[in-house]
Amino acid sequence: MTTEDVDRKALDVFSGRVVRKDLVQDIKSGVNVPTYVLEYLIGQYCATDDEESLEEGLEKVKEILSKHYVRPDEAEFVKSEVRERGRYRVIDKVTVRLDEQQDAYIGSFVNLGLSDVEINEHLVSKHPKLLGGGVWAIIDLEYLPDNANSPKSLFGIDSFKPIQVSNLDLDQLKDRRNDFTRDEWMDLLLQTVGYDPSSFSDREKLLFLARCIPLVESNYNYVELGPRGTGKSYLYREISPHSILISGGKTTVAKLFLNLNTGRIGLVGRWDVVAFDEVGGLQFSDSEAVQMLKDYMESGSFSRGTEELTAQASMVYVGNIDLDVEGVLKSSHLFEPFPEDMQDLALIDRFHYYLPGWEVPKMRSEFFGDQFGFIVDYFAEFVRELRKESYGDAINEEFAFGDHLNQRDEKAVRKTVSGLLKLLHPHGHYTKEELREYLEFAMEGRRRVKEQLKRIGGMEYRAVEFSYLDLETKEEIYVSVPEEADESLIPPGTQQAGTVYTIGESEGRHAPFRIETQTLPGSGKTNISGTPGKRMKESFETACDYLQANMRELSREETLDEYDINVQVLNPSDANEGGETSVGLLVGIVSGILDRPVRPQTVVLGSMSLMGELVSVSSLIDKLQLSADSGAKTVLLPAKNKEDLPKIPDELLDQLQLVFYTNPLDAASKAIELE
């Protein structure tokens, strides 16, 4: 299959509904007409791959625009022409409202400035979009001198030919989808957005199409963060007249939801998609805005004043991640670019899909081709009509969800699968393997959200091992996220003597550390490097001072003054501090002095005073989970924490062997397995 094959089939099956995408820009620079209007005209007169016919069609389009397009500054001249000639043809946008006092439909012409033209009810019935956002059309205006000195307009409509899609036969489109394979249809959709599908891998194609899910799925909450220049906001700005893009800046509850002073519904009630660009700069001037967003993103409704209102707008958040993803994941989480007041666990949990923008290639000129795609207005109406349908239950035909997905997770996955099926299989026909592909893609995007919740919120969000059951084979398949599949911090096998792993406190979060200790005969010099802050240096000094006073407990004749101790701290999460690590540091020093390695895959938790008084480990469950995630099999911790055993989840106890110590040297003894 080539793009030429797709072009030929599209021209044959959807004649008049497809257009060669590169032709639009040739004309648009000279006329300030919406892209979808130009594409409609080009689709009518240039629906061919014959170059000579294309040129003739382009000239025809240019001639029509030149003769009949009304610029606002020509409005009075055009009105005069209608009066003098009795009839005159124009291209303008017409919107219609029902005047309840006159019991008549009244039309307004945007560029001509007419606002009182009576419209025949049959015209409104034939073109219902007139009552919505309006319709661009070629119109024969007639002059009505008999209406002089009366409330009625001097202008009427003699003929009306829409030059954008004013109605859509969805059943016809679904039927014609049968003429395409899945891959051909996917390429046609990509060509509709303007991309050359031959430039992308199958994975990249699916990522591009996922950007369309908010257009086709009502109340869909979508986030995409990634590098600049990947076209994150293009779709919502250029492709659909039913989406609105808000660039980073201040916004209000009245603008988004409802203005109590005017009673006017906000953006969520007037658009299919509300997209926030440069989300890092987004500010809400109302303190209740984030709470209302949470309510709306959960239920599709919001309370404002004394009533509860519903809307169907999908919410899209796009922005930039300035660091590489690996670096972000070492030190923070993938929602870090969000404003601080939006890094709210409950808000983040509302997202149905997190698209990995770092996997989308940056836009280059060769990504845009001269292939045929749907007229964007036709595409916009087709996806809008499909918002009324749901394909989410299709999963139940072949698969069941695993135990780690809660109700909110299942809803998110179903909505993503529904969106992909509506985009790629509007006719309702798909294979089991295609459904599996969409299910795994959907689970990956939702798991990416949950992984960040676990990083921010700890054990409350520990259930991230997403899986599904194949109902036919009874096999359980687990779905991972690519960026989380790196090697564990703690590798299997025995490490060199003096190497130990611990977890410290850093500005309200927990951070893993690898401590490498070198002990050599010397004069009592101590040195530590790589420490992220003064608290870890203080922990090191505490460990050294305690060991200096208790060397005899190790059955050693020497004192610490007979060794030079050098400690290198490896800080994979780029933490700013390393508090509560003194016991781990002591274990590393003892391991180095005795030249005995710490038992494999072990984490040492705990801190102590100068006199060796142990401090109970705080946030124990979160630190145990981080230990397990880092690759640990054994965790040493103070005996004081035995009282926390009943609170530790069974799955953690199954993963880890917990070893309790009674004093700092007991910790060292058990870590290096002294008899």
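The values are calculated or read from the model by the stated rules, or taken from the named source; none is laboratory data. Source: prediction; values computed, not measured. Counting neighbours? That spans all protein chains shown, and the Cβs are built from the backbone with ideal geometry, glycine included. Note: accessible area is taken over every heavy atom of the protein model, side chains too, but ligands, DNA and RNA are not part of it. Shrake-Rupley method; radii C 1.70, N 1.55, O 1.52, S 1.80 Å.
A few points about this structure:
- Here the peptides 185-192, 124-131 are ranked by packing, the mean other Cβ count within 10 Å, and the order with the highest first is 185-192, 124-131.
- Projecting the Cα positions of 429, 233, 555 onto the charge dipole of the chain (unit charges on Cβ atoms of Lys, Arg, Asp and Glu, taken about the Cα centre) puts 233 furthest along the positive direction.
- Phi angles of the stretch 147-163 translate, via the Karplus equation with coefficients 6.51, -1.76, 1.60 and θ = phi - 60°, into HN-Hα couplings of 8, 4, 6, 9, x, 6, 6, 7, 10, x, 9, 8, 8, 9, 10, x, 10 Hz per residue; Gly and Pro are given as x.
- D (Stokes-Einstein, µm²/s), Kirkwood Cα radius, the chain, 0.890 mPa s at 25 °C: 83 µm²/s
- Pair residue 288, residue 433: separation of 7 Å Cα→Cβ label points (nm): 5.4 nm
- Label-point separation, residue 310 to residue 640 (7 Å along Cα→Cβ), nm: 5.5 nm
- A cut-off of 5 Å between modelled amide H atoms, ignoring neighbours fewer than 5 places along the same chain, links residue 276 with 246, 316, 317, 318.
- Computed FRET value (nearest 0.05) for residue 260 with residue 106, which takes r as the C-beta separation and R₀ as 35 Å: 0.75
- Within-9-Å neighbourhood charge of residue 378 [Cβ basis; K, R +1; D, E -1]: -2
- Shape class for the stretch 595-675, computed from the alpha carbon gyration tensor (a ≥ b ≥ c): oblate, with a/c not under 1.5 and a/b at or below b/c.
- Computed from backbone phi with θ = phi - 60° and the Karplus coefficients 6.51, -1.76 and 1.60, the 3J(HN,Hα) list for the stretch 72-81 is x, 6, 9, 4, 5, 4, 5, 4, 4, 4 Hz; x is used for glycine and proline.
- Segment residue 22..residue 73, full-extension length gain: 15.4 nm, with 0.36 nm per residue of separation and the alpha-carbon distance subtracted.
- Seen against the Cα atoms of the chain and their longest principal axis, helix 35-45 is set at about 50 degrees.
- For the chain, the longest principal axis of the C-alpha atoms and the axis of helix 407-424 are separated by about 40°.
- The HN-Hα couplings worked out from phi for the stretch 350-361 by the Karplus form 6.51 cos²θ - 1.76 cosθ + 1.60 (θ = phi - 60°) are 7, 6, 7, 8, 10, 7, x, x, 5, 8, 8, x Hz, whole numbers, x standing for Gly and Pro.
- Legend: residue pairs 450/647; 362/388; 250/422; 294/362; 152/255; 129/161, Cα-Cα distance threshold 24 Å; pairs beyond threshold, 362/388; 250/422; 294/362; 152/255.
- Computed [θ] at 222 nm, helices only, for the chain once each DSSP H run of length n ≥ 4 contributes -39500 (n - 2.57): -10000 deg cm²/dmol
- When both the stretch 226-264 and the stretch 307-347 are represented by their alpha-carbon centers, they are found 15 Å apart.
- For residue 368, the amide hydrogen comes within under 5 Å of the amide hydrogens of 196, counting only partners 5 or more places away or on other chains and with H modelled in the peptide plane.
- With the whole protein complex present, residue 175 retains an accessible surface near 100 Å², based on a 1.4 Å probe.
- Span from the the stretch 129-170 Cα centroid across to the the stretch 580-597 one, whole angstrom: 85 Å
- The angle separating the long axis of helix 182-193 from the principal Cα axis of greatest extent in the chain is about 70 degrees.
- Entry note, the stretch 284-337: relative contact order of 18 percent, from Cα contacts under 8 Å with a spacing of 6+ residues.
- Overall form of the stretch 238-372 per C-alpha gyration tensor (a/c, 1.5; a/b vs b/c): oblate
- Averaged over residues, the count of other Cβ atoms within 10 Å places the peptides 564-571, 59-66, 435-442 in the sequence 435-442, 564-571, 59-66, highest first.
- Summed side-chain charge close to residue 636 - residues other than residue 636 whose Cβ falls under 14 Å, Lys, Arg +1, Asp, Glu -1: +3
- Taking label positions 7 Å along the Cα-Cβ direction at both residue 576 and residue 124, the computed distance is 6.2 nm, reported to one decimal.
- Applying the criteria of a DSSP loop state and at most 14 other Cβ atoms within 10 Å to the trypsin sites (Lys or Arg not before Pro) of the stretch 264-352 yields 264.
- With all protein chains kept in place, the per residue accessible area of the stretch 284-331 amounts to 46 square angstrom at a probe of 1.4 angstrom.
- Residue 2 contributes about 60 Å² of solvent-accessible surface, heavy atoms of the protein only, 1.4 Å probe.
- Computed from the Cβ-Cβ distance with R0 of 41 Å, the FRET efficiency linking residue 206 to residue 659 stands at 0.30.
- Taking 0.36 nm per residue of sequence separation and removing the Cα-Cα distance, the residue 467/residue 326 pair yields an extension gain of 48.3 nm.
- Sites matching GluC sites (Glu not before Pro) across the stretch 574-645 that sit in DSSP coil, with at most 15 neighbouring C-beta atoms within 10 Å: 613
- Between residue 199 and residue 549, the C-beta separation translates, for a Förster distance of 51 Å, into a calculated FRET efficiency of about 0.15.
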